[in-house]
Amino acid sequence: MKRNIIVSFVIMLLVPTSQQLGAQNTTRRFFADSITNQKIMTLKHEFGAKKTFIKEYEAQILTALSYYPELKNVEIIFRLKKTNTPLTSKPSFVSLFRAAKNRKYIVTISEQTNPYLEPILFKNLNFNAQIGVLGHELSHISNYIHKGFGKMFHIIEIEIFSKKQVDSFEYNTDLTCISHGLGYQLLDWSLSVRQNLGKENWRGANNIVTNPKKKDT
């Protein structure tokens, strides 16, 4: 089953549940002009502690953060960098050895990648999809804050040695994002990736054939 079909089905099941889990009211679509400067200031006051923001993406980041109250006091650095993968989240290497609650996490938004992935860079997504992919990355961090060093090391092993387990790991991360109330945004991101790349199946930037004439396996 294609991942976007799975996500759509799970959204139908879990969007009502997300209300019961204490998430914000589910919003089908966010628009840039609906996030006023006053709203940004209010969100920053409540959710901006220990966060380093990218100025041009403050509204999207703060909107996504507002769905993750458990991350209020977690140090997160949002940064722009030239990387192949459009978006990643991970603990800093030094903080990996600290207690989970004291770690520092880094969310990297790629500003330049290979030509094939250029259409799905963060800057080329619509506002709603940007919040969706940020929600996915924050879901990773939401899961990481409950894992000690041993479990974090196991995740690293999975990412290196087991594509099948990575798929399961990412699927569970999507479920976390949906349960927090950002299912529609996640779906928007998923559909945007497939439309922008002209692909039916997306398994991540590290699992693609960069020659558009070839098909994924």
Open item on the list: Looking only at region 37-53, filter to residues that are more than 18 Å from ILE106 (Cα to Cα) and either touching a Lys or Arg at 6+ places or on another chain (Cβ under 7 Å) or of a type in the set (Val, Ile, Thr) (or both); which one of those is least open to solvent (accessible area, probe 1.4 Å)?
Closed with: ILE40
Open item on the list: Please go through (1) over 17 Å from the mean Cα position of the chain (by Cα); (2) not in a helix (DSSP H, G or I) for THR42 and return the number of the only condition it doesn't satisfy.
Closed with: (2)
Open item on the list: I'd like to check something: does region 25-36 contain any residue that is of a type outside the set (Val, Ile, Thr) and modelled with pLDDT under 90?
Closed with: yes
Open item on the list: Condition first: over 24 Å from ILE54 (Cα atoms), of a type in the set (Val, Ile, Thr) and modelled with pLDDT under 95. Can you find one or more residues in region 111-118 that meet it?
Closed with: no
TODO: Using the structure shown, decide if ASN172 is open to solvent by 40 Å² or more (accessible area, probe 1.4 Å), at pLDDT below 95 and under 24 Å from ILE54 (Cβ atoms).
DONE: no
Open item on the list: Please go through (1) under 25 Å from GLN195 (Cβ atoms); (2) open to solvent by 20 Å² or more (accessible area, probe 1.4 Å); (3) outside any loop (DSSP other than H, G, I, E, B); (4) in contact (Cβ under 8 Å) with a residue 12 or more places away in the chain for ASN84 and return the number of the only condition it doesn't satisfy.
Closed with: (3)
- [ ] List the number of the failed condition for GLU56; all other conditions in (1) crowded, with 18+ Cβ neighbours inside 10 Å; (2) within 22 Å of ASN128 (Cα to Cα) hold.
- [x] (1)
Open item on the list: Tell me yes or no: at least one residue of region 142-152 is surrounded by fewer than 19 Cβ atoms within 10 Å (Cβ to Cβ), farther than 24 Å from SER179 by Cα and at pLDDT 90 or above.
Closed with: no
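The values are calculated or read from the model by the stated rules, or taken from the named source; none is laboratory data. Fair warning: this is a prediction, and the values are worked out from it, not measured in the lab. When we count neighbours, we look across all protein chains shown, and the Cβ atoms used for this are built from the backbone with ideal geometry, even at glycine. Only protein heavy atoms, including side chains, enter the accessible area calculation; ligands, DNA and RNA are left aside. Shrake-Rupley method; radii C 1.70, N 1.55, O 1.52, S 1.80 Å.
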